[in-house]
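Undergrad: Got a structure here, written out as structure tokens. Questions coming.
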Amino acid sequence: MMRLVLLLVLLNPFCVGLGTAQTVRDFQVATVKPSAPETERYTQIRGNKFAAGGITVQELLLYAYSVHPSQIVGGPDWLRSEKFDVLADPETEKRPSSEEMKAMVGRLLGDRFHLVLRREKRELPVYALVRTSKEIKFTRDDGEAKGLPTATGGFEPPGTLAVRNGTLANLAAFLQRFATSDITRPVVDQTGIAGHFDFDLRYTPVSSQFKAQGADGEVEAGSPPGLFTAIQEQLGLKLEATRADVDVLRVESILQPTEN
């Protein structure tokens, strides 16, 4: 069901930011070019620089706005199929924070692809992160002043997620970002739990390439449980399939990237 259109975005990603707005800095030097056919997909922060290869515009949008693919609608087919290499440098002494880097990538998309987005509210299938009847099993982080939340995991080793100084909304976002083989819809926090916490999660991803399989093809004994079970057993939370109003980014217009 379509809901009220909130605003139209012209180049500046913070007009449509899905989080708290902050000062936006531009990349001072940036190259954007089509990827060679053999380029493997990667996204990296190299010191102060943002580097990506073999990546689509849709994937750059997922990074810049921390959304699920179902939250990006419209636009030409090439937005999801053509791949690009990006190397961008803010030329600052201080390394940009994660949120600042995302904001600059969003602005780069506006500058080089002439991207125009519209933010809407839609009711979509989601996973709601909710409390169970069991006691929660994560610890409060007393260092709320230490800085922005951080997360590691997803692939090294597969099926791990460690969040530090994060809210439950941060946990929902990180699950959506790192557990891509298991999470097939946006994740929203409906726990009602406030504060900053540390979360540690070990699970066996559903993707067969990550499963610890024995000779008979079954998951070996002693392997962590699947993601949904792990969340209940290790955090005292659960993911419920439901529907909810979420932000959707509609691609109003976009052009092939301008020359570097």
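Undergrad: Can you compute the modelled spin-label distance between THR43 and VAL116, with each label point 7 Å from Cα toward Cβ, in nm?
TA: Going from the THR43 label point to the VAL116 one covers 2.6 nm.
Undergrad: Hey, got the dipole for the range 25-90? About the Cα centre, +1 on K and R Cβ, -1 on D and E Cβ, debye to the nearest 20?
TA: The dipole magnitude comes to about 160 debye.
Undergrad: Which residue, THR92, PRO69, ALA103, has the largest displacement toward the positive end of the dipole of the range 64-119 when charges sit on each Cβ (Lys, Arg +1; Asp, Glu -1)?
TA: Value: PRO69.
Undergrad: Please tell me which of these pairs span more than 32 angstrom C-alpha to C-alpha: LYS49/LYS238; LYS94/LYS121; LYS102/LYS238?
TA: LYS49/LYS238; LYS94/LYS121
Readers should treat all values here as calculations from the given coordinates under stated rules, not as data from a laboratory. These numbers come from a predicted model, not from an experiment. Glycine also receives a Cβ, built like all others from the backbone with ideal geometry; neighbour counts cover every protein chain displayed.
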